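As structure tokens, the structure follows; a few thoughts come after it.
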Amino acid sequence: MPTSADAPALPNGRCRACREDAFHFSAVVPLGDYVDELRDAVLAMKETTGRTLAMAIARLLAAEARATMESFQPDLIAAVPMHWWPRAWRGMNSAEIVAETLARELCIAWAPRLLIRHRYTAPQSDLPRTRRRTNVRNAFRVSRCYTLDRPRVLLVDDILTTGATCSEAARTLRDAGAADVFVAVVTRATSP
């Protein structure tokens, strides 16, 4: 299975399509690239029957990237949320399952529903790269249940393509008081 380590490295560690973009997170750690078996696994864990697979993938991510994630010194782990409507239709958010399992595996505080996706957005996969940032602009807010007093947050999602969604979620967390935001994903697309 190809991993991110197999991808051609650029001087700033980013893919060719996004090397000039500015992001609101400090680093990304993927389990691997969005190809072959890992691509199939990400798609399968989005299904209503994918809970067990998402937990297994999270344990694999913890085993493969523990040192990197621990080097971020996160105070808490949160997931990129889904809007309530698609979540009700799908029945679950695979990113939440991965985040919760990672929190257990790494013994880091899990912050369920830290972020809320309060505005419905078109699926990013349906949009060209140029529209993805504006699509998710102001789509998130921090739950009133949380007060962020400069924590370092490990934000979890299933796939990182252009980075627009994770960047907007990270911006929201930073604006609410997070000291730093790092991202852990199951897969990273090498060409958006």
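The values are calculated or read from the model by the stated rules, or taken from the named source; none is laboratory data. Everything numeric in this text was worked out from a predicted model, so none of it was measured. Note that each Cβ is placed from the backbone with ideal geometry, even for glycine, and that neighbours are counted across all protein chains shown.
In this structure, A99 does not satisfy being surrounded by 23 or more Cβ atoms within 10 Å (Cβ to Cβ), touching a helix residue (DSSP H, G or I) at 6+ places or on another chain (Cβ under 7 Å), among the hydrophobic types (A, V, I, L, M, F, W, C) and in contact (Cβ under 8 Å) with a residue 12 or more places away in the chain.
Among M55, M82, which is closer than 20 Å to V183 by Cα and part of a helix (DSSP H, G or I)? Quick ask: steps written out before the conclusion?
On the way: M82 fails: part of a helix (DSSP H, G or I).
Among M55, M82, only M55 is closer than 20 Å to V183 by Cα and part of a helix (DSSP H, G or I).
Just wondering, is there one or more residues in segment 50-66 that are of a type outside the set (K, R) and modelled with pLDDT under 95? Checking segment 50-66: at least one residue is of a type outside the set (K, R) and modelled with pLDDT under 95.
Conditions tested, residue by residue: (1) hydrophobic (A, V, I, L, M, F, W, C); (2) crowded, with 22+ Cβ neighbours inside 10 Å; (3) more than 28 Å from Y146 (Cβ to Cβ).
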| residue | (1), (2), (3) |
| --- | --- |
| L43 | yes, no, yes |
| K46 | no, no, no |
| T49 | no, no, yes |
| M55 | yes, no, no |
| A78 | yes, yes, no |
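The set of residues in segment 132-157 being surrounded by 20 or more Cβ atoms within 10 Å (Cβ to Cβ) and β-branched (V, I, T) consists of V136, V142, V153, V156. For the residues L160, L115, the requirement of being touching a Cys at 6+ places or on another chain (Cβ under 9 Å), crowded, with 23+ Cβ neighbours inside 10 Å and in contact (Cβ under 8 Å) with a residue 24 or more places away in the chain singles out L160. Selection of helices (runs of 4 or more DSSP H) fully inside segment 88-192 by the criterion of at least 2 residues being under 12 Å from the mean Cα position of the chain (by Cα) returns 94-106, 164-175. Close contacts from segment 18-36, counting a first residue that is farther than 20 Å from L154 by Cα and in a loop (DSSP other than H, G, I, E, B) and a second that is among the hydroxyl-bearing types (S, T, Y) and modelled with pLDDT of 85 or more, with Cβ to Cβ under 9 Å and a gap of 6+ residues or different chains, come to C18/T162; D21/T162; D21/S167; Y34/T161; Y34/T187; V35/T187.
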